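**Q** Below is one structure. I have some questions about it.
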Amino acid sequence: MPELPEVETVARDLQRWVAGARILSARVDWERTIRHPLPAERFVAEVAGATIARVGRRAKTVLIHLADGRVMTVALRMTGALIVAPPGTPPDRHARVVFDLADGRELRYRDVRKFGRIGLWEGGGLRSGGSQRVGESRPAYRVGDVFAHHGPEPLSASFTVARFTERLAHRSGRLKSLLLDQSFIAGVGNIYADEALFRARLHPLRRADSLTPDEVKRLHRAVRGVLRAGVNNRGASFSDYVGADGQPGANAERLRVYRRTGEPCYRCGRPISRVVVGQRSTHFCPRCQPAEMGE
Ligand SMILES: [Zn+2]
C-alpha cells in the first residue's frame with residue numbers, strides 16, 4: 001500500500017506533467033471509485049472543462065488543485081495508480097477513471113483491486129488540518145473536511161521535536177500502533193513505521209509514554225529520515241505501486257528491516273525478527289531494538 005513517499009512521488013510526477021493541463025472530459029468505468037459528488041455522472045459533469053493548477057499531497061492522498069479553487073482527492077489505497085498516457089497508448093482494462101486532457105494525453109486512474117477513491121470538493125480548510133463544522137449535520141464538502149481527523153504532516157516544518165513530544169506524552173499505546181494511527185501522524189504505514197523504529201533503535205512494542213527525551217528525539221529524526229529517503233528513492237515497490245511514469249520506485253532494496261525476516265541485521269548481524277502487532281506484520285532487530293532500555 002502506498003505510503004507518504006510513494007504518494008509524494010506520484011504527486012511530484014503529476015505536478016511536472018499535468019500542471020496547467022485542461023480536462024476536456026472524464027469517463028468512469030467503475031462507479032464505486034467516485035466518492036463525491038454522486039452519482040458518478042455528476043462528478044463527470046463537474047470536472048469537465050477544469051484546468052489543473054497544481055498537484056500536491058496530504059497524508060496518503062494525492063491532491064489535484066483545480067484553477068477555480070476546487071480540489072480533487074485521489075486515495076490510491078491498495079493498488080491505485082495515476083498514469084499519464086501519451087496519445088495513442090493502448091487502453092488499460094484496469095483503468096477505472098480516465099480524464100481526457102486537451103492536449104490529447106490521458107490521465108488514467110488505474111486500480112486492479114478497486115479500493116481507491118476519487119472525490120471532487122470545494123477548496124478550503126486544508127491548512128488548518130481540517131475544520132470543526134459548526135451546528136447542523138452538513139455533509140463534508142470542503143476538502144479540509146476530508147482530512148479533519150488526520151494528524152500533522154511529518155515532513156512539514158511545523159512538525160518539530162517539541163510538537164512530537166507533546167503528542168506522544170499522553171499516549172500509552174505501543175509505538176508501532178501509534179505510528180500507524182493516521183490521527184497521530186499522517187502518511188506513515190507499515191513499511192516506514194518498521195524502518196523508523198529500527199533507525200531509532202526502539203522496540204515496536206515500547207509504550208509511547210515510556211520514552212526518554214533522547215528517545216523521542218531519535219524517533220522524530222528517524223521518522224523524518226526514512227520518509228525523506230523514501231521520497232528521494234521514488235518510493236518502495238512491493239506489488240502494484242508505480243510512479244506516474246508507470247515505473248516502480250527504488251526504495252524497497254534499501255530497507256533495513258521491512259520484509260527481511262530471518263536475514264542478518266545490517267548493523268549487528270543477528271536475524272531480523274517478525275511479530276504481529278495489531279494484525280500488522282512487524283519487523284525488527286531484537287538486539288538493536290531491545291524491549292526495554294538498558295537491556
Ligand atoms: Zn541489529
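The values are calculated or read from the model by the stated rules, or taken from the named source; none is laboratory data. Note that this is a predicted model, so its numbers are computed, not measured. In this analysis, Cβ positions are derived from the backbone assuming ideal geometry, glycine residues included, and neighbour counts consider all displayed protein chains. Only protein heavy atoms, including side chains, enter the accessible area calculation; ligands, DNA and RNA are left aside. Shrake-Rupley method; radii C 1.70, N 1.55, O 1.52, S 1.80 Å.
**Q** Any idea of Phe147's accessible area? Nearest 10 Å², probe 1.4 Å.
**A** Its accessible surface works out to 0 Å², give or take rounding.
**Q** Could you work out what % of the accessible surface of the chain is carbon and sulfur, using a 1.4 angstrom probe and leaving DNA, RNA and ligands out of the count?
**A** 49
**Q** So between Glu122 and Arg171, what do we pick up on full extension, going 0.36 nm a residue minus the alpha carbon distance?
**A** Details: separation 49, 0.36 × 49 = 17.64 nm, distance 3.42 nm.
Length difference between fully extended and current span is 14.2 nm.
**Q** A further question follows. Can you compute the modelled spin-label distance between Arg254 and Ala291, with each label point 7 Å from Cα toward Cβ, in nm?
**A** Distance between label points: 3.4 nm.
**Q** ³J(HN,Hα) across the stretch 171-180 via Karplus (A = 6.51, B = -1.76, C = 1.60, θ = phi - 60°), whole Hz, x for Gly/Pro?
**A** 9, 9, x, 6, 4, 4, 5, 5, 5, 7
**Q** Say R0 is 51 Å: what FRET efficiency, to the nearest 0.05, do Leu38 and Arg270 get from their beta-carbon distance?
**A** Working: r = 53 Å, r/R0 = 1.04.
E between Leu38 and Arg270, to the nearest 0.05, is 0.45.
**Q** Can you tell me the length gained on complete extension of the stretch Leu24 to Thr160, counting 0.36 nm per residue apart and subtracting the Cα distance?
**A** Extending this stretch completely gives an extra 44.7 nm.
**Q** Along the stretch 157-163, what does the Karplus equation 6.51 cos²θ - 1.76 cosθ + 1.60 (θ = phi - 60°) give for ³J(HN,Hα), rounded to whole Hz, x for Gly and Pro?
**A** Once θ is set to phi - 60°, the couplings for the stretch 157-163 become 5, 7, 8, 8, 4, 4, 5 Hz.
**Q** Over all directions, what mean area does the Cα convex hull of the chain project, stated in square nanometres?
**A** 16.2
**Q** With +1 on the Cβ of every Lys and Arg and -1 on the Cβ of every Asp and Glu, and nothing else charged, how large is the dipole of the chain about its Cα centre, in debye rounded to the nearest 20?
**A** Numbers: 49 positive and 31 negative charges, 149 e Å.
In total the dipole reaches around 720 debye.
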